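Chemist: The structure is given below, and queries will be raised subsequently.
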Amino acid sequence: MKIRMKSKWIIGITTTFSCLVYLMLTSVWSTEMKWPAPCYEGKTLDEVRAWEKQWVGKTVDASNVDGVKDFLPETYYDRIKHPEKWGAVSFVIIPYQYIKPTDGLIKATNDAAGKASVDNDEVLHGWVNGIPFPEPKTGAEIAWNFDAITHGDTELITNRGWLVDGKRKSERFLGRAKIWRMYFGGRTDVPPVPEFPDNTKGYRRGLLYFFIEPYDMRGIRNLSIRYKDTTKEDDSYAFVPAMRRVRRMSTAQRGDSVGGGDNTWDDAWGWDGHIRRNKYKLLKTQEVLMGRHSDKPLTPTKGNIDHSGTQRERINCYVVEFTSKDRDYVYSKRICWIDSETWRMPYEDQFDQQGRLWKTTEYAVAPVNSRGGMVTTVFSANTIDVQRIHSTPSIGYPQSIGEEIPQENFTTDYLIKVGH
Amino acid sequence: MKTVIKQSLLLLPILIAVVFVAAPEGFATEYLNGKLDVVGYLEDFTAWRPQKSKQEDKGYFSNSRSTFYLKWSSKIIECPNYQVSFHGILRDFYESAFDIDHDYSEASNSNDHNRFRTEKGNNRLREIYTDIASGPFQIRMGKQVATWGEADGFRLADIINPLDQSWHWTLEAWEDLVIPINMIRAWYKTDLPGDISFETVFIPDHFAPTRLAPYGMNWGVPSITRQFWLNLTQSTPHNSISNYELGFRIGAKIKGYDIYLQYFHTRNDDPIFTDNYPKLLKGVLFGGEKLFEFKRYNFLGGTITGYNDWAKSVLRSEWGLNIGQKFNTTLTGAPPFGIRSQDTFSYMIGFDRPTMVPYLSAWNNYRSYFISMQMFQTYILHPAPGLVRPPNFGSKESTFTAFTLILETGFRNDSIVPNMLVAYSTTGWGFFLPSVKYKIGSHWRFILGGGVYWGHSKTEGMGIFRNNDEVTFKIRYEF
């Protein structure tokens, strides 16, 4: 009888203690979990504002770049500092402006906080939509945050690209294309959220390219489907006007050049491959000057591999090393700067198989109004081959973000329908 | 005076090109807020034979063709419920090989020069059609091209439009060789599992046979004498409802593979001799009789394509059963001819694989090499004694087997694009087509190429042109 009483006491005390621990932990989580988190607020914001008084509005070039050296990736600093080698480049400093995530993204992230996890093979578990790791601790978690955000769920943008030979000071127009991007799963902003109810094939994202110029690319419509299953390769199709038919395309060589440009298929938006294909290492956090409100027209100089005029502001970035698991992959590693606020990748260094710096890629974004709120979109990008002194700059003209795109557009039947 | 006119016509494309150089942005491609867009090119194509053909006594120039090409698309109505658009292609050319090569001019009939010097009549308006789309329905009406097939280089399932083989055989892109036909196409996409879709093609009355050149012309077929060729033209049926052709296609996606099945009731684009012996004899001796017929048959076929992750390749397959195709028969090798219905079965298997070639790709800034291989086989099922085989076959073979290999890559950011196509048939004929495309700026394209053709017999496959190896050069201004 005594023993039974004692057991009851022990069970009771243990249960009460467990409940207390749970309540403490959850209250700690709810007080400490602070998302969305601006890059700067309170005292740190005051410090940034004080620094900005000295620098905002100034044009930074080779003459004064040393003053902001600490806020630039080393490779970018080197390009500004040595115009005799890379051509003269300058940028303008603007004040830091907070970009608040959309309400849909905030809700999805807060609802699912603490549920996602990444295993040792870099595979994500327990995620539906939103930012899976609002307070990331590892490189893999940061990489998944970068991958998970949908930037308005849908996008229609027109892109123009050029090829610039910095040695010969010559340029060639690479092309103009309309690009439709739509997420089928992991949606946060445009109904249906989080996924199309009839997404039985397990699509994650559809990408549609309509090439407009030059003539030899004109009329090519390229469709690419990415699956939620990260072990499944993308499906890719192209309507080829010269053949008047849709042709299945191989997606095997994602390290291959896109249409002869310096960027590869994987380089789109910084990294457009499956997250599980790399190992990740968080190197540091760094305050850097990046183009985040850079929607003003750029001022390219003919034959110059980089363009001037980017508006840069101080932001907080995670610096993460992406190392490919495939030893034969074209890059041995990438060093990526990932914005902790928008989860864009404004800058990266890419290294060749011998470990030498090969390319740098920059994405300058700006916020635009979308149906779900304010989201960022890419206004300009530039991949620079530092070994050949060659680059592929492009300018984006966003046409609609967060507007509905018919699901039918991401089918081969649609390619035939609009193919001429 | 005539020479002056000829020279002016020759110089016209060059003059227009010079105007474009002076104003490189002179051609806007989009008008009316993107509702109308216009593109095109001016091209000069020259093919030169290093050695003058010994047997035919033809000249050094096999082609010297200046082409003007204009393509437009216009959106007429854009409503949420339906869309109407209008499309067209205008093409004209001037073939001056006869004018610049005296030997060729002498070796061929001057009447044929006029026939092949420029595009004729309505052919200038290559395509003109209207598209009407509403939800899952779409209908396309007018003169157009319909492609049902997956094979490159040879056509098994892609048989709706005939080919123009009169000016450079089958050695150009299909886009430039195919003959558009008046037809109605309709599509319906269902919501059924597997993305099942239906397509139908109806050709009410328009019939055009494979376009060939007469013997004596640079790309003429030796077995088709000029008289036969003239008769062939006369034998082509006029547009009438009796020419109707009808086809259906059903498509689906199953386990990542795109599968199409198709049926086409067609009139053969290639002719056979009539089996009416008195008519044939009268026609050959005195003319005036139609010696050729274009017989009907049924085609049942399909295609399968899919991506294989293990092979890192796109696998392509195509097959076709020609039911009741008509062939000539003769037991003596000479008239009288009989006509015999034969079934033939053809298939193609192939793959496309962009490949990083060790060292080579690394040297070329990690640009992949596009490798595409195909194998074709055609069987004449239970061939009748004395059956006259198609030109691809050996004279006594019932099976035709061929292989193709295509390689392509890009250098200097794809401003230099080398390409090669090799085709080899087990009957002994084949061809090799290397080329290098050089892109300068946004508008100018230069293509240096060549063709090496071989074969045991001058009547089989590319053996027809075995003495006609050539070097080709294209200069094109695109806008």
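The values are calculated or read from the model by the stated rules, or taken from the named source; none is laboratory data. Nothing here was measured: the structure is a model prediction, and the numbers come from that model. In this analysis, Cβ positions are derived from the backbone assuming ideal geometry, glycine residues included, and neighbour counts consider all displayed protein chains. The protein model used for the area step is the full one, side chains on, heavy atoms only, and it has no ligands, DNA or RNA in it. Shrake-Rupley method; radii C 1.70, N 1.55, O 1.52, S 1.80 Å.
Chemist: Can you spot a residue in the range A:56-67 that is touching a residue at least 24 places away in the same chain (Cβ under 8 Å), part of a loop (DSSP other than H, G, I, E, B) and among the β-branched types (Val, Ile, Thr)?
Modeler: The first filter runs over the range A:56-67 and keeps only residues touching a residue at least 24 places away in the same chain (Cβ under 8 Å), leaving A:56-62.
Of the ones still in play, those that are also part of a loop (DSSP other than H, G, I, E, B) are A:56-58, A:61-62.
Restricting the remaining residues to those that are among the β-branched types (Val, Ile, Thr) gives A:56.
Yes, that holds for at least one residue.
Chemist: Sticking with this structure for a sec: Could you run through the range B:268-291 and say how many residues are under 22 Å from the mean Cα position of the chain (by Cα) and open to solvent by less than 40 Å² (accessible area, probe 1.4 Å)? Let's see the steps before the verdict.
Modeler: Residues of the range B:268-291 that are under 22 Å from the mean Cα position of the chain (by Cα), as a first pass: B:268-272.
Next cut, open to solvent by less than 40 Å² (accessible area, probe 1.4 Å) only: B:268-269, B:272.
Of the residues in that region, 3 qualify.
Chemist: Mind listing whichever residues of the range A:216-252 are touching a Ser or Thr at 6+ places or on another chain (Cβ under 9 Å), over 21 Å from A:Asn278 (Cα atoms), open to solvent by 40 Å² or more (accessible area, probe 1.4 Å) and not in a strand (DSSP E or B)?
Modeler: Scanning the range A:216-252 gives A:Arg218, A:Met243.
Chemist: Related question: Of (1) buried (at least 21 other Cβ atoms within 10 Å of the Cβ); (2) in contact with a strand residue (DSSP E or B) (Cβ under 9 Å, 6 or more places away or on another chain), B:Met217 satisfies all except one. Which?
Modeler: Only one criterion in (1) buried (at least 21 other Cβ atoms within 10 Å of the Cβ); (2) in contact with a strand residue (DSSP E or B) (Cβ under 9 Å, 6 or more places away or on another chain) is unmet by B:Met217, namely (2).
Chemist: Going by what's in this entry, would B:Ala213 be described as more than 22 Å from B:Glu127 (Cα to Cα) and small (Gly, Ala, Ser)? Break it down stepwise before answering.
Modeler: Values: more than 22 Å from B:Glu127 (Cα to Cα): yes; small (Gly, Ala, Ser): yes.
Considered against the rule, which asks whether it is more than 22 Å from B:Glu127 (Cα to Cα) and small (Gly, Ala, Ser), B:Ala213 comes out as yes.
Chemist: Test each condition in (1) in a loop (DSSP other than H, G, I, E, B); (2) open to solvent by 40 Å² or more (accessible area, probe 1.4 Å) for B:Tyr438 and report the one that comes out false.
Modeler: Condition not satisfied by B:Tyr438: (1).
Chemist: What number goes with the only condition from (1) open to solvent by 10 Å² or more (accessible area, probe 1.4 Å); (2) under 19 Å from B:Asp269 (Cβ atoms) that B:Lys189 does not pass?
Modeler: Answer for B:Lys189: the failing condition is (2).
Chemist: Filtering the range B:453-465 down to residues that are surrounded by 21 or more Cβ atoms within 10 Å (Cβ to Cβ) and not in a helix (DSSP H, G or I), which residue is farthest from the other protein chains (Cβ to nearest Cβ)?
Modeler: B:Glu460
Chemist: Assigned to a strand (DSSP E or B), touching a residue at least 12 places away in the same chain (Cβ under 8 Å), open to solvent by less than 20 Å² (accessible area, probe 1.4 Å) and of a type in the set (A, V, I, L, M): which single residue out of A:Leu208, A:Leu174, A:Leu156 fits that description? Break it down into steps so the answer makes sense when it comes.
Modeler: Values: A:Leu174 fails: open to solvent by less than 20 Å² (accessible area, probe 1.4 Å); A:Leu156 fails: open to solvent by less than 20 Å² (accessible area, probe 1.4 Å).
Only one candidate qualifies: A:Leu208.
Chemist: I'd like to check something: does the range B:88-100 contain any residue that is more than 20 Å from A:Ala242 (Cβ to Cβ), among the β-branched types (Val, Ile, Thr) and part of a strand (DSSP E or B)? Before the answer, list the steps.
Modeler: Applying the first criterion (more than 20 Å from A:Ala242 (Cβ to Cβ)) to the range B:88-100 yields B:94-100.
Remaining after also requiring among the β-branched types (Val, Ile, Thr): B:100.
With the extra rule that they be part of a strand (DSSP E or B), the set shrinks to none.
No, the range B:88-100 contains no residue that is more than 20 Å from A:Ala242 (Cβ to Cβ), among the β-branched types (Val, Ile, Thr) and part of a strand (DSSP E or B).
Chemist: To continue, here is another question. All but one of (1) open to solvent by less than 40 Å² (accessible area, probe 1.4 Å); (2) away from chain A (no Cβ under 14 Å); (3) basic (Lys, Arg) hold for B:Arg445; which doesn't?
Modeler: (2)
Chemist: Let me ask another. With the requirement that a residue be without any contact (Cβ under 8 Å) to a residue 60 or more places away in the chain and open to solvent by 10 Å² or more (accessible area, probe 1.4 Å), what does the range A:348-357 give you?
Modeler: We begin by selecting, within the range A:348-357, every residue without any contact (Cβ under 8 Å) to a residue 60 or more places away in the chain; these are A:351-356.
Correct list: A:Phe351, A:Gln353, A:Gln354, A:Gly355, A:Arg356.
Chemist: Could I ask something else about it? So how many residues does the range B:274-290 have that are assigned to a helix (DSSP H, G or I) and hydroxyl-bearing (Ser, Thr, Tyr)?
Modeler: The first filter runs over the range B:274-290 and keeps only residues assigned to a helix (DSSP H, G or I), leaving B:277-286.
If we keep only those that are hydroxyl-bearing (Ser, Thr, Tyr) as well, we get B:277.
The total comes to 1.
Chemist: Is the range B:106-129 home to any residue that is of a type in the set (A, V, I, L, M, F, W, C), at pLDDT 95 or above and either surrounded by fewer than 20 Cβ atoms within 10 Å (Cβ to Cβ) or assigned to a strand (DSSP E or B) (or both)? Walk me through how you get there before you give the answer.
Modeler: Within the range B:106-129, the first condition is being of a type in the set (A, V, I, L, M, F, W, C), and the residues that meet it are B:107, B:116, B:125, B:128.
From what's left, at pLDDT 95 or above: B:125, B:128.
Restricting the remaining residues to those that are either surrounded by fewer than 20 Cβ atoms within 10 Å (Cβ to Cβ) or assigned to a strand (DSSP E or B) (or both) gives B:125, B:128.
Yes: the range B:106-129 contains one or more residues that are of a type in the set (A, V, I, L, M, F, W, C), at pLDDT 95 or above and either surrounded by fewer than 20 Cβ atoms within 10 Å (Cβ to Cβ) or assigned to a strand (DSSP E or B) (or both).
Chemist: Pick from A:Val288, A:Val320: which is crowded, with 23+ Cβ neighbours inside 10 Å, touching a helix residue (DSSP H, G or I) at 6+ places or on another chain (Cβ under 6 Å) and in contact (Cβ under 8 Å) with a residue 12 or more places away in the chain?
Modeler: On the way: A:Val288 fails: crowded, with 23+ Cβ neighbours inside 10 Å.
When all the criteria are applied, what remains is A:Val320.
Chemist: Another question, then. Going through the range B:310-329 one residue at a time, which ones are within 11 Å of chain A (Cβ to nearest Cβ) and open to solvent by 20 Å² or more (accessible area, probe 1.4 Å)?
Modeler: Of the residues in the range B:310-329, the ones within 11 Å of chain A (Cβ to nearest Cβ) are B:310-316.
Selection gives B:Trp310, B:Ala311, B:Lys312, B:Leu315.
Chemist: Out of curiosity, is A:Met345 closer than 18 Å to A:Pro73 by Cα and either within 13 Å of the chain's Cα centre (by Cα) or open to solvent by 10 Å² or more (accessible area, probe 1.4 Å) (or both)? Give the steps one after another, and end with the answer.
Modeler: Working: closer than 18 Å to A:Pro73 by Cα: yes; either within 13 Å of the chain's Cα centre (by Cα) or open to solvent by 10 Å² or more (accessible area, probe 1.4 Å) (or both): yes.
Yes: the conditions hold for A:Met345.
Chemist: For A:Pro194, which of the numbered conditions (1) within 22 Å of A:Thr154 (Cβ to Cβ); (2) in contact (Cβ under 8 Å) with a residue 24 or more places away in the chain; (3) facing chain B (nearest Cβ under 10 Å); (4) open to solvent by 20 Å² or more (accessible area, probe 1.4 Å) fails to hold?
Modeler: (3)
Chemist: Sticking with this one: For the range A:295-309, does any single residue satisfy the condition of being surrounded by fewer than 19 Cβ atoms within 10 Å (Cβ to Cβ), touching a Gly at 6+ places or on another chain (Cβ under 8 Å), modelled with pLDDT under 95 and of a type in the set (S, T, N, Q)?
Modeler: Yes - at least one qualifying residue is present in the range A:295-309.
Chemist: Is at least one residue of the range B:130-152 farther than 30 Å from B:Phe376 by Cβ, surrounded by fewer than 18 Cβ atoms within 10 Å (Cβ to Cβ), away from chain A (no Cβ under 11 Å) and free of Cβ contacts under 8 Å to residues at least 40 places away in the same chain?
Modeler: Within the range B:130-152 (the criterion being farther than 30 Å from B:Phe376 by Cβ, surrounded by fewer than 18 Cβ atoms within 10 Å (Cβ to Cβ), away from chain A (no Cβ under 11 Å) and free of Cβ contacts under 8 Å to residues at least 40 places away in the same chain), the answer is no, since none of the residues qualifies.
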